[in-house]
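Taking it in order: structure first as structure tokens, then the write-up.
Throughout, read-outs are computed from the coordinates displayed, never taken from laboratory work. Keep in mind it's a predicted model, so treat the numbers as computed, not measured. Here the Cβ is made from the backbone with ideal geometry for all residues, glycine too, and neighbour counts use every protein chain on show.
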Amino acid sequence: MRELTLRAVLLGIILGVVLSSANAYLGLKAGMTVAAAIPAAVISMLVLTKLLKNGTILENNMVQTMASVAQAVAAGVIFTVPSFFILHKTGVINFIPSYWLILTLTFIGSLWGVVFMIIFRKPHIVDEHDILPYPEGTACAEVLKTGQKATENAKFLFWGFIIAAVLKILQNIKIKLGDKVYKIFDEMFSFSMLSKNIPISLQKFTLSLELLPALFGVGMIVGIRIGIMMATGALLAWWVIIPTIGIFQPELSPYQIYRGYIRYIGIGVIITGAIFSFFQFLPVILKIIRGYDLKIEFKKDPHKDLWYDNPNYMKDIPFSVALILILIGCVIFFFVNPVESLLGKALSFLVLIVFAVLFTAVSSYIVGMVGSSNQPVSAMTISTLIAVALTLKFIGLFGEQGIVAVLILSVIACISLAIAGDMSQDLKTGFLVKATPYNQQIVGIISAVVSSFFLSYLIFVLNDVYGFVGTANPLPAPQANLIATLSQSIFQGDIKWNEIVIGMLLGLIARLLGFSVLAFGVGVYLPLGLSIPILLGGWFSNLIKSNEFKDSEERKVLTASGLIAGDTILGIVFVFLIAGGIISSPSDSDIPIFGTLSPFLSLIAFLTMIYLVYRIIRQK
């Protein structure tokens with residue numbers, strides 16, 4: 001059966017670039033990304049099986065693996081790289097990374113993420129086959145196995161894409177009359193108390209809603225539980241804490257309170273989540289340190305009966321080759337590490353490589369239990385950042401040099417961790433459809449390298465067009481802002497401990513209430529308008545499930561993926577149109593063509609989108 005073919009590699013590269021771009025845009029907007037494996041598998045089957053008539057399940061698995069790895073690279077890049085531009089824009093550092101530096105860091109992180117998983121594939125994917133379900137990997141394998149049924153359900157992916165694309169175009173169309181620019185619909189619905197005749201606390205009350213199909217689609221995928229926890233954090237921040245602070249600081253606007261206080265409280269909550277996550281990881285870490293079976297020579301495989309038709313079912317990239325690839329990354333790392341002293345280079349490398357290996361194992365294990373969408377990449381990146389930062393401070397690095405160094409190391413760590421977790425799901429899919437791990441690892445490296453070239457360029461374009469700071473920025477880059485703030489605070493000593501301690505206490509309360517502290521903390525940290533649409537999507541997902549429509553789960557995932565793709569891909573298209581001077585960028589001076597009714601009409605258009613999605617999913 002054909003497996004690693006040129007057409008599969010080319011299609012995987014194309015889908016990888018498109019879907020990773022979409023995920024990069026989504027992550028910079030909403031602070032989270034979603035798995036691309038299932039939509040990539042469906043599109044691959046449409047092209048190779050339906051259009052070309054002779055695609056195989058193993059070819060489709062290669063395409064899905066490449067697209068999925070590229071999406072993971074995007075997550076690692078957008079969570080960290082914008083931090084350089086944020087700190088430069090705000091005057092904290094003078095350093096701006098070059099395209100080639102970002103590409104190099106992305107390459108090292110990608111290489112380590114794929115290669116480290118060679119070590120942990122057998123212990124986690126094979127030996128614990130009946131213990132770790134790897135939900136996305138298993139679901140994707142079922143999609144690949146159903147074949148015909150999956151391609152028939154592809155219409156839900158495309159309907160979602162069309163609906164989201166139409167709404168996105170309507171939200172970005174502008175009409176120029178004379179020297180004035182008019183817009184038809186807004187992307188934001190907002191309401192605030194402006195009257196001076198009401199209590200000061202109510203004057204700080206705001207309600208905002210980002211009318212973006214992608215956010216609604218994210219909610220459909222992550223579900224009602226995550227949606228409730230994020231919205232609870234957001235509503236507590238914007239409807240309780242901000243009005244309370246407003247009583248004592250009446251001269252500050254709600255957004256000024258958010259920038260000066262709430263973001264640091266959110267950081268405190270997320271730090272608490274990272275601590276709890278670390279202790280959750282601890283049994284896995286101790287298991288690895290005690291000498292978990294990491295031998296490359298394999299024992300008798302209890303699942304060998306699954307592989308009667310593929311003699312290469314246990315073939316990985318040879319360990320000697322993997323070691324050479326790791327060493328190549330290490331050598332390059334020493335050249336790009338900005339720490340000047342040899343001791344500093346050695347210690348920072350040692351901390352980074354230890355955390356990278358340990359968290360690769362942890363990441364693989366965690367996504368095996370709870371899935372990639374719940375993978376705490378942010379928590380692991382923050383843990384690595386703090387460990388590296390303390391090491392650098394120990395050897396005497398402070399100020400801008402320390403900030404730049406820790407950001408560079410964090411980029412490598414975050415990309416490596418994101419890919420490790422995602423590659424685990426892909427290898428599980430391959431295990432279930434009888435693919436050769438060697439081929440998956442090869443195409444994973446190819447996809448990571450190719451997507452690194454494009455994503456490194458895309459970050460510079462997005463920075464030129466929008467940047468990642470500002471009150472009305474379309475791309476607020478939540479994780480990158482968090483990492484930038486932490487790095488600055490650690491090395492410049494201006495940590496707002498009062499707010500962070502309050503946040504840590506809130507995180508402890510959330511934990512006692514049974515919340516996911518990280519989800520709650522992200523809700524506190526993000527602007528209110530981003531959390532509410534995710535909650536609506538989660539509620540809608542629960543509604544679809546309760547009605548038990550035929551194939552409701554697969555229909556829901558594909559439609560949600562279509563909404564996300566339509567919104568984000570069109571968003572990328574508009575970015576390049578703005579960069580090329582073909583259209584103008586969003587501006588506060590743009591006049592709503594329907595005046596004060598415009599936000600309400602935009603809300604009606606968004607609700608209409610939800611109704612259309614409902615009708616599409618429930619059709620017979």
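The phi-based Karplus calculation (6.51 cos²θ - 1.76 cosθ + 1.60; θ = phi - 60°) puts the 3J(HN,Hα) values of segment 158-167 at 6, 4, x, 4, 5, 4, 5, 5, 4, 5 Hz, whole numbers, x for Gly and Pro.
Over segment 398-534, what is the mean sequence separation of C-alpha contacts under 8 Å (at least six apart), divided by residue count, expressed as relative contact order in percent? This gives 24 percent for segment 398-534. Across the chain, the mean sequence separation of Cα contacts (distance under 8 Å, 6 or more residues apart), normalised by length, yields a relative contact order of 35 percent.
The HN-Hα couplings worked out from phi for segment 499-508 by the Karplus form 6.51 cos²θ - 1.76 cosθ + 1.60 (θ = phi - 60°) are 5, 5, 5, 4, x, 5, 5, 4, x, 5 Hz, whole numbers, x standing for Gly and Pro. In the chain, taking the dipole from charged Cβ atoms about the Cα centre, the farthest positive-side position among Y457, G566, I324 is held by G566.
Once the dipole of segment 416-557 is set up with Lys and Arg at +1 and Asp and Glu at -1 on Cβ about the Cα centre, which of L512, V469, V443 lies farthest towards its positive end? With unit charges placed on the Cβ atoms, the residue in question is L512.
Applying 0.36 nm per residue to the separation of K174 and M314 and subtracting their alpha-carbon distance, the gain on full extension is 44.7 nm.
Taking Cα centre as origin and charging only the Cβ of basic (Lys, Arg, +1) and acidic (Asp, Glu, -1) residues, the dipole magnitude of segment 514-620 rounds to 440 debye.
Determine the dipole magnitude for the chain: charges of +1 sit on the beta-carbon of Lys and Arg, -1 on that of Asp and Glu, nothing else is charged, the reference point is the Cα centre, and the result goes in debye to the nearest 20. Intermediate values should be presented prior to the final figure.
Details: 41 positive and 33 negative charges, 138 e Å.
Result for the chain is approximately 660 debye, rounded to the nearest 20.
Placing a pseudo-label 7 Å from each Cα along the Cα-to-Cβ vector at V181 and V573 gives an inter-label distance of 1.9 nm. Enter the Cα centre distance for the pair segment 73-114 and segment 229-261, rounded to the nearest angstrom. So the separation of the two Cα centres works out to 31 Å.
If R0 is 35 Å, what FRET efficiency do you get for E340 and R225 from their C-beta distance, rounded to 0.05?
Numbers: r = 48 Å, r/R0 = 1.37.
After rounding, the FRET efficiency stands at 0.15.
Our summary of shape: the Cα atoms of the chain have principal axis extents of 78, 65, 49 Å, ordered from largest down, in whole angstrom.
Per DSSP H run of n ≥ 4, the term is -39500 (n - 2.57); total these for the chain, divide by its residue number, and report the mean residue ellipticity at 222 nm rounded to 500 deg cm²/dmol. Numbers along the way, then the final one.
Details: 24 runs with 427 residues, N = 620.
That comes out to -23500 deg cm²/dmol.
Phi-derived couplings, Karplus 6.51 cos²θ - 1.76 cosθ + 1.60 at θ = phi - 60°, listed residue by residue for segment 268-273: x, 4, 5, 4, 4, x Hz, with x used for Gly and Pro.
The distance between label points at W497 and I593 comes to 5.6 nm (points 7 Å beyond Cα on the Cα→Cβ vector).
Taking each residue as 0.36 nm, the span from L607 to F453 lengthens on full extension beyond its C-alpha to C-alpha distance by 51.6 nm.
Pulled fully out, how much extra length does the chain show between F600 and I131, if you take 0.36 nm times their separation in residues and subtract their Cα-Cα distance?
Values: separation 469, 0.36 × 469 = 168.84 nm, distance 4.98 nm.
Length gained, F600 through I131: 163.9 nm.
When the P(r) of segment 60-131 is calculated, the portion above 13 Å amounts to 75% of the C-alpha pairs.
With r defined as the distance between the Cβ atoms of L207 and L327 and R0 fixed at 51 Å, what FRET efficiency is calculated, to the nearest 0.05? If you can, show how the numbers build up before the last one.
Working: r = 55 Å, r/R0 = 1.07.
Efficiency at R0 = 51 Å is approximately 0.40.
Going highest first, how would you order 116-122, 28-34, 503-509 by mean Cβ packing within 10 Å? Working shown, then result.
Working: 116-122: 24.0, 28-34: 27.0, 503-509: 20.4.
Order by mean packing, descending: 28-34, 116-122, 503-509.
Computed over segment 385-518, the Cα gyration tensor eigenvalues convert (square root of 5λ each) into semi-axes of 32, 22, 18 Å, ordered from largest to smallest.
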